[in-house]
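Written out below as structure tokens is the structure these notes cover.
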Amino acid sequence: MTRVVQDERKGATVTFADQTIGEFLEAIASEQVTPSGGAVAGVGGAMGAALCEMVCIHTIEAGEADPRADLAGVRDTLVDRRSRLLDLADEDAAIVDDVQAAFASGDDDRIQRTSKRATEVPLETATACLDIVEAAVTVTREGRSVAVPDAAVGALLAHAALDGCMSTVHANLAAIDDDEFVSETEQQAAEIEADAEVALTEIRATTADRHQLAESPQKSNRRSEWRSRTTGCHVVWISPSRSGEIRRR
């Protein structure tokens, strides 16, 4: 199921992927019920995938890709998940509309059926986001050092989208009477959340290590001197892309 909206300018229907960013944001910040959290999570996760794709592309084009890492294959996975997430954003908006109609009808069977689908779609979205976060483990480890921050942002976007989907899943389960469905879904959700946390922890560690390696000795010395003169203050992280090398060139 794909939710489409009428485009009055062209007399045709469009998906969220067809809209401009401005149009999508205006639709969110409106009196309409949809697009809502699930659709936003889908688009946000797709943006995370796109950032990681970008790092793969620039690393391969620069001739810095380790053949053993198969960044081309990782990129293919990211392309697929990005496309799937945009479809799921449309599906989420459509099922939200269906749930509203079901509750308005008062038909309990219809309510249960649509509530299940309203739980399955964000779970599918979270699964796709997990694939992106896990792919980002490789991208942050093998990507060009100056582009690692971009891959980290991509991973964090996908992880945030995943977290948002989990919130929706747990909320929607409260409306479902099928205990077996609820139990199985809760188990799947727990596994997704655990796997995502493991991957994100590795990404953070890898990113921190690569930032440290990218620092020049002179820069490290300046930081050491600054820290020795400062007490009770938070250290501000500075992107290695500002060390003089133009990013992605």
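Overview of values
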read-out	value
Single match in ARG141, ARG113, ARG84, ARG75 (criterion: among the basic types (Lys, Arg) and free of Cβ contacts under 8 Å to residues at least 12 places away in the same chain)	ARG113
Subset of region 115-149 that is hydroxyl-bearing (Ser, Thr, Tyr) and more than 15 Å from VAL198 (Cα to Cα) - its residue that is surrounded by the most Cβ atoms within 10 Å (Cβ to Cβ)	THR125
Scan of region 190-220 for residues that are among the β-branched types (Val, Ile, Thr) and surrounded by fewer than 17 Cβ atoms within 10 Å (Cβ to Cβ), ordered by number	VAL198, THR201
Failed criterion for ALA152 (all others in (1) in contact with a Pro (Cβ under 6 Å, 6 or more places away or on another chain); (2) farther than 30 Å from VAL182 by Cβ hold)	(1)
Whichever residue in region 24-42 is under 14 Å from ASP90 (Cβ atoms) and not hydrophobic (A, V, I, L, M, F, W, C) and, among such residues, is modelled with the lowest pLDDT	THR34
Failed criterion for SER30 (all others in (1) part of a loop (DSSP other than H, G, I, E, B); (2) touching a Cys at 6+ places or on another chain (Cβ under 9 Å) hold)	(2)
Selection status of GLN187, more than 18 Å from the chain's Cα centre (by Cα), more than 21 Å from ALA118 (Cβ to Cβ) and surrounded by fewer than 16 Cβ atoms within 10 Å (Cβ to Cβ)	no
Residue within region 154-163 that is more than 14 Å from ALA41 (Cβ to Cβ) and touching a residue at least 40 places away in the same chain (Cβ under 8 Å) present	yes
Pairs, first in contact (Cβ under 8 Å) with a residue 60 or more places away in the chain in region 32-56, second aromatic (Phe, Trp, Tyr) and part of a helix (DSSP H, G or I), C-beta under 9 Å, six or more apart	VAL40/PHE24; GLY42/PHE16
The one condition in (1) free of Cβ contacts under 8 Å to residues at least 24 places away in the same chain; (2) more than 21 Å from LEU130 (Cβ to Cβ); (3) out of contact with any strand residue (DSSP E or B) (no Cβ under 7 Å at 6 or more places or on another chain) that VAL14 fails to fulfil	(3)
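Each row is one residue, and each column tells you yes or no for (1) modelled with pLDDT under 95; (2) closer than 28 Å to ALA174 by Cβ; (3) in contact with a Lys or Arg (Cβ under 9 Å, 6 or more places away or on another chain).
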site: ALA62; (1), (2), (3): yes, no, yes
site: ASP76; (1), (2), (3): no, no, no
site: VAL79; (1), (2), (3): no, no, no
site: LEU88; (1), (2), (3): no, yes, no
site: VAL96; (1), (2), (3): yes, yes, yes
site: VAL137; (1), (2), (3): no, no, no
site: GLY154; (1), (2), (3): no, no, no
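The values are calculated or read from the model by the stated rules, or taken from the named source; none is laboratory data. Everything numeric in this text was worked out from a predicted model, so none of it was measured. Reconstructed Cβ throughout: ideal geometry from the backbone, glycine too, with neighbour counts over all protein chains shown.
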